[in-house]
Amino acid sequence: MLLPTNFKTAIADRFYDKSFVINRKTRSKDAEGGVVVVTSQVGVYDGNVQYGSTSESLKIIEQGLVNRVDLSITTSNNTDANVDDELVYDGKKYTVKAAPPFDSHLLLVCETA
């Protein structure tokens, strides 16, 4: 089912009331061959936060994609988040373990970093 934009906007206006940061790590080699890890902020986004598992994230656990869920966030499909990105919420760091898109939202399934 294709959801109209105004429906997605109404969801965001009512439910996406918590801000979180997405950071991405890039690895490169320095002149001597050592690994250099640089973390850069991708963006600040809003979403609906739940500690622990949602019914959607439990299905991901059942599929064997993640072992545990410490934080679940539903957010806009326009959120630039990838698996293994660092997510910072409420001063704590999490690792994005799965980011399946749905028709009305993106689910970020995270473990404590």
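The values are calculated or read from the model by the stated rules, or taken from the named source; none is laboratory data. None of the values given here were measured: they were computed from a predicted structure. Every residue, glycine as well, gets a Cβ built from its backbone with ideal geometry; the counts of neighbours run over all protein chains shown.
Does Thr39 qualify as being surrounded by fewer than 14 Cβ atoms within 10 Å (Cβ to Cβ), free of Cβ contacts under 8 Å to residues at least 40 places away in the same chain and closer than 23 Å to Tyr89 by Cα? So Thr39 fails the test. Of Asn67, Asn77, which residue is exposed (fewer than 14 other Cβ atoms within 10 Å of the Cβ) and within 11 Å of the chain's Cα centre (by Cα)? That would be Asn77, the only listed residue that is exposed (fewer than 14 other Cβ atoms within 10 Å of the Cβ) and within 11 Å of the chain's Cα centre (by Cα). Against the numbered list (1) modelled with pLDDT of 95 or more; (2) closer than 25 Å to Leu3 by Cβ; (3) not charged (D, E, K, R), Ser76 comes up short only at (1).
To keep it simple, each residue is scored yes or no on (1) in a strand (DSSP E or B); (2) of a type in the set (Ser, Thr, Tyr); (3) in contact with a Lys or Arg (Cβ under 6 Å, 6 or more places away or on another chain).
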{"residue": "Leu3", "(1), (2), (3)": "no, no, no"}
{"residue": "Glu32", "(1), (2), (3)": "no, no, no"}
{"residue": "Gly43", "(1), (2), (3)": "yes, no, no"}
{"residue": "Ser57", "(1), (2), (3)": "no, yes, no"}
{"residue": "Val66", "(1), (2), (3)": "no, no, yes"}
{"residue": "Asp80", "(1), (2), (3)": "no, no, no"}
{"residue": "Val83", "(1), (2), (3)": "no, no, no"}
{"residue": "Tyr94", "(1), (2), (3)": "yes, yes, no"}
{"residue": "Val109", "(1), (2), (3)": "yes, no, yes"}
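Within segment 96-107, being within 8 Å of the chain's Cα centre (by Cα) and either modelled with pLDDT of 95 or more or loosely packed, with under 11 Cβ neighbours inside 10 Å (or both) holds for one residue alone: Val96. Close Cβ contacts (under 7 Å, 6 or more residues apart or on different chains) running from residues in segment 1-15 that are at pLDDT below 80 to residues that are part of a loop (DSSP other than H, G, I, E, B) comprise Met1/Asp103; Leu3/Asp103; Leu3/Ser104; Lys8/Ser104. When segment 83-113 is filtered for residues that are within 24 Å of Thr5 (Cβ to Cβ) and not small (Gly, Ala, Ser), the ones remaining, listed by number, are Pro100, Pro101, Phe102, Asp103, His105, Leu106, Leu107, Leu108. Arg27 meets each of the listed conditions (1) without any contact (Cβ under 8 Å) to a residue 12 or more places away in the chain; (2) basic (Lys, Arg); (3) under 16 Å from Val109 (Cβ atoms) apart from (3).
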